[in-house]
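First comes the structure, then the notes that go with it.
The values are calculated or read from the model by the stated rules, or taken from the named source; none is laboratory data. It should be emphasised that the depicted structure is a prediction, and the values quoted were computed from it without experimental measurement. Cβ: placed from backbone, ideal geometry, glycine included. Neighbour counts: every protein chain shown.
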Amino acid sequence: MSGGCGDSSQARGTRYFFCHGGAGAAAGAIAATFVCPLDVITTRLQVHGLPEGAQSCRTGSIIVTSLQNIVKNEGLKGLYRGLPPTILALLPNWAVYFTVY
């Protein structure tokens, strides 16, 4: 295949590695963006324990209660706290892993 990122019988050139590295970095960044709110909740539960609403009311999920508390107190921005350093730290990891795999 010429012009694309497809695998060919020719020796793999730099374009091949850049295409696959970029695809891996992009996939990792998208995955981190979707999972970030759950990482924030996990970290806060480990540091602060159960949220106030989860201890008094057993009808809701701890995850839902935590999400509601974060959005109420910090807005949607609070769900993505720590995302930029995570992406910057792991972009090379995702790019290399996807290219080598």
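Observations, loosely collected:
- Taking the criterion of being of a type in the set (A, V, I, L, M, F, W, C), surrounded by 13 or more Cβ atoms within 10 Å (Cβ to Cβ) and more than 15 Å from residue 82 (Cβ to Cβ), the residues of segment 26-44 that qualify are 26, 27.
- Hey, residue 32 in contact with a Ser or Thr (Cβ under 8 Å, 6 or more places away or on another chain), modelled with pLDDT of 90 or more and not β-branched (Val, Ile, Thr) or not: yes
- Qualifying residue in segment 86-97 (condition: in contact with a Ser or Thr (Cβ under 9 Å, 6 or more places away or on another chain), modelled with pLDDT under 90 and not polar (S, T, N, Q)): no
- Close pairs from segment 15-34: first closer than 16 Å to residue 88 by Cα and β-branched (Val, Ile, Thr), partner surrounded by 16 or more Cβ atoms within 10 Å (Cβ to Cβ) and modelled with pLDDT of 90 or more, Cβ under 7 Å, at least 6 apart: 33/83
- Scope segment 66-91; condition within 16 Å of the chain's Cα centre (by Cα) and touching a residue at least 24 places away in the same chain (Cβ under 8 Å); matching residues: 78, 79, 80, 81, 82, 83, 86, 87, 90, 91
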